[in-house]
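Each remark here refers to the structure printed beneath this line.
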Amino acid sequence: MAIRSGAAICAGWAATQPCRRRPDVDRSRRLPQLPYLSATFLPQMRSTVRSTSHKNGVQPPEADDEVLLESPSQFRIYKSGRMDRLNEPTVSPPGLDEATGVTSRDVVLDVDTGVSVRLYLPKLRGRPSTKLPVLVFFHGGAFLTGSADDTAYHSYVNALSAAACVLAVSVDYRLAPEHPLPAAYDDSWAALRWAASAQDGWIAEHGDTARLFLAGDSAGANIVHDMLMRAAFNDGSPRVEGAILLHPWFSGNTAIEGEPPAASKITGMLWSYACPGAVGGADDPRMNPLAQGAPALEKLGCVRMLVTAGLADGLAARNRAYYDAVAGSGWRGAAAWLGSEGEGHVFFLGKPSCENAKQLMDRVVAFIAGP
């Protein structure tokens with residue numbers, strides 16, 4: 001459930017090598033959830049090709065511990081499909097945030113699955129009857145790590161709620177591989193519909209669901225796109241005023257112009273791991289909205305959209321291609337773009353006080369305030 005600033009997925013494959021069984025790992029307990037995955041695509045992870053063959057497709061016992069992919073200090077994925085998360089969580093409890101004046105609390109939506117949300121109510125400045133825009137936020141982490149109570153996300157949503165004066169709903173969806181996709185999408189859709197229904201007392205009293213916004217970073221921004229398509233095919237319900245895609249995690253089987261080949265390779269691998277039932281690999285329309293046969297972008301279920309990227313991020317070209325495709329699709333909404341010069345993937349989480357992070361926050365706040 002944690003995110004640590006500076007954490008990064010570096011592009012390239014980890015060396016495929018035997019890994020000893022680790023008696024210190026308790027495989028019966030739920031693996032700790034870790035930080036957002038920063039796809040800076042540095043050449044620190046390397047790949048080797050190992051040719052193996054087994055009669056009748058039967059793997060020897062030691063294959064269970066063969067490392068397929070490793071992101072240092074983040075996670076280790078084995079050929080068997082098992083994953084170790086490698087650092088301890090850093091989480092923040094709900095309550096009053098003295099720095100921003102925002103109050104938060106947790107609500108469990110489904111006792112059986114454990115899916116929950118964290119709500120954020122900003123200080124109303126002596127106007128308790130004020131109705132606020134409702135913003136549903138989805139955290140990133142390649143669908144493998146992250147949580148709503150992660151300290152970096154908690155801090156970010158606190159700051160966003162205060163700056164934009166929105167009632168925020170941060171979704172704590174289930175993670176792969178324990179819960180492969182589409183679990184995260186389904187949980188997010190359930191949370192979105194719950195928020196839009198104003199069943200909660202805070203939302204009923206202080207929220208204006210006619211001004212409903214969606215936001216997310218990385219895999220969370222990918223979820224935003226999926227939510228917009230679901231709303232479109234649900235007769236436009238719930239109605240979404242605006243969508244904010246912060247450094248969205250999209251990919252494809254083939255690198256596009258301006259995209260490092262390693263970026264496409266690694267993100268495609270992670271996608272296939274998180275979504276073993278994907279159709280077409282990384283060209284599954286949920287990961288590659290521009291793939292042939294993907295639902296038409298002109299159907300997107302929102303009125304306005306803001307797409308952002310760190311221009312030093314390996315995903316920047318893919319982010320820009322998505323924005324260009326939306327803007328040129330015939331969609332009747334208004335799309336806007338913001339690229340942060342010299343910045344990497346979700347940089348604003350690790351260094352929220354830097355000038356580019358402040359500019360990004362200002363742009364998000366202005367977007368929510370109106371056209």
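Couplings 3J(HN,Hα) of the range 165-177, computed from phi: 6, 10, 8, 9, 10, 9, 8, 9, 8, 6, 10, 7, x Hz, in residue order, whole Hz [Karplus 6.51 cos²θ - 1.76 cosθ + 1.60, θ = phi - 60°; x for Gly and Pro].
Heavy-atom surface analysis with a 1.4 Å probe gives the range 273-371 a carbon and sulfur content of 51 percent of its accessible area. Cross-link reach is defined here as a Cα-Cα straight distance under 16 Å, omitting same-chain residues fewer than 8 places apart; for Lys123 the lysines meeting it are Lys131. Per residue, the range 254-347 exposes 40 Å² of accessible surface when a 1.4 Å probe is rolled over the protein heavy atoms with every protein chain present.
The amide H of Glu66, built 1.01 Å from its N in the peptide plane, has Cys19, Lys79, Ser80 as neighbours under 5 Å, considering only residues 5 or more places off or on other chains.
Between Asp235 and Asp65, the C-beta separation translates, for a Förster distance of 41 Å, into a calculated FRET efficiency of about 0.25. Using R0 = 30 Å, the C-beta based FRET efficiency linking Arg82 and Thr113 works out to 0.90. Note on the range 228-298 and the range 163-210: Cα centroid distance 20 Å, given to the nearest whole angstrom. For the peptides 259-265, 357-363, 317-323, the ranking by packing is 317-323, 259-265, 357-363, with the highest mean count of neighbouring Cβ atoms within 10 Å listed first. Going 7 Å from the Cα of Lys123 along its beta-carbon direction, which residues of the range 345-371 have the amide nitrogen within less than 13 Å of the resulting point? What the label zone holds, given the 13 Å backbone N cut-off, is no residue at all.
Placing a pseudo-label 7 Å from each Cα along the Cα-to-Cβ vector at Asp106 and Thr130 gives an inter-label distance of 2.8 nm.
Accessible area per residue for the range 210-250 is 23 Å², calculated with a 1.4 Å probe on protein heavy atoms, without ligands, DNA or RNA.
The values are calculated or read from the model by the stated rules, or taken from the named source; none is laboratory data. If you're wondering where the values come from, they're calculated on a predicted model, not measured in any experiment. All Cβ positions, glycine included, derive from the backbone under ideal geometry; neighbour counts span all protein chains shown. Note: accessible area is taken over every heavy atom of the protein model, side chains too, but ligands, DNA and RNA are not part of it. Shrake-Rupley method; radii C 1.70, N 1.55, O 1.52, S 1.80 Å.
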